[in-house]
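A.B. asks: Encoded as structure tokens, here's the structure I'll be asking about.
What follows is calculated from the coordinates using simple rules that are stated; it is not laboratory data. Please read all numbers here as calculations on a predicted model, not as lab measurements. Positions of Cβ are generated from backbone atoms using ideal geometry, with glycine treated the same way; all protein chains shown enter the neighbour counts.
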Amino acid sequence: MIMRGVDKVNLKKWRIIAILFCLVVGTLLHFTYRWSSENVLIGGFSAVNESTWEHLKLAFFPMFSVAIVGYFLFDERINNYWKANAVGIMVVISFITVFFYTYTGIIGNNYLIIDIGTFMIAVILGENITYNIMKKNKISAETSYVGIIGILLICFILFTYYPPQINYFKDPITNTYGIKI
């Protein structure tokens, strides 16, 4: 049995819901910091500027939320649950970063429509990979993957308030970094 007590159809439906949730919530997270009158707590999980790092939050936090909710919905009935989610998140973060810097390096400029398309493709790709890993028979140790997600969570929050002073964290419009607290 591939998944202990979980129908593949239900899991596939959950992954489709996850994609839609991540696309909608990720888009909203681009604006929530500003909508909250720049509340520093909201900034911990929302984009606080136009840096590449801050835009990765738009994918990470919705995917992390889906992983938490899915864990309680499916309990431990899915093989490789945390591995699948950690790999899916890492694929999304990597895809967005690599694609953004590759295309802007070639063209010399970024374009909003390409950035939005990149986000959408990355989320769909990441959730598809998550689903495919969950379908595998081979069960792997989950502890290290929970750790990867935990480290990412800490980094996203910490680097909002204490960002390294490198271009990855720098807002290209204002030339600032993160939130001053």
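A.B. asks: What angle, in degrees between 0 and 90 and rounded to the nearest 10, separates the Cα long axis of helix 112-134 from the longest principal axis of the Cα atoms of the chain?
C.D. replies: 20
A.B. asks: Ranking request for peptides 37-46, 84-93: highest mean number of other beta-carbon atoms within 10 Å first, then the rest in descending order.
C.D. replies: My ranking of the peptides, most packed first, is 84-93, 37-46.
A.B. asks: Quick one: how many lysine pairs does the chain have with C-alpha atoms less than 26 Å apart and a gap of 8 or more or different chains? Give me the count, please.
C.D. replies: Total qualifying Lys-Lys pairs in the chain comes to 21.
A.B. asks: Mind checking the dipole of the stretch 41-181: about its Cα centre, +1 per Lys or Arg Cβ, -1 per Asp or Glu Cβ, Debye to the nearest 20?
C.D. replies: Taking the Cα centre of the stretch 41-181 as origin, the dipole is about 280 debye.
A.B. asks: Given +1 on the Cβ of Lys and Arg, -1 on the Cβ of Asp and Glu, and no further charges, what dipole in debye does the stretch 1-124 carry about its Cα centre, rounded to the nearest 20?
C.D. replies: Numbers: 9 positive and 7 negative charges, 101 e Å.
Charge dipole, the stretch 1-124, about its Cα centre: 480 debye, nearest 20.
A.B. asks: Please work out the ratio of the alpha-carbon Rg of the stretch 31-181 to 2.2 N^0.38 Å and round it to two decimals.
C.D. replies: 1.10
A.B. asks: Long-range amide H contacts for N80: which residues qualify at under 5 Å (H placed 1.01 Å from N, peptide plane, sequence gap of 5 or more or a different chain)?
C.D. replies: HN-HN under 5 Å from N80: S140.
A.B. asks: What ranking do 150-162, 114-126 get when scored by the average of other Cβ atoms within 10 Å per residue, highest first?
C.D. replies: 114-126, 150-162
A.B. asks: If exposed trypsin sites (Lys or Arg not before Pro) are those in a DSSP loop with at most 14 other Cβ within 10 Å, what is the longest stretch of the chain that has none?
C.D. replies: After excluding every exposed loop site, the longest remaining stretch is 5-76.
A.B. asks: Here is a further query. Within 10 Å of each candidate Cβ there may be at most 16 other Cβ atoms; applying that plus a DSSP loop requirement, which GluC sites (Glu not before Pro) in the stretch 50-90 survive?
C.D. replies: E50, E76
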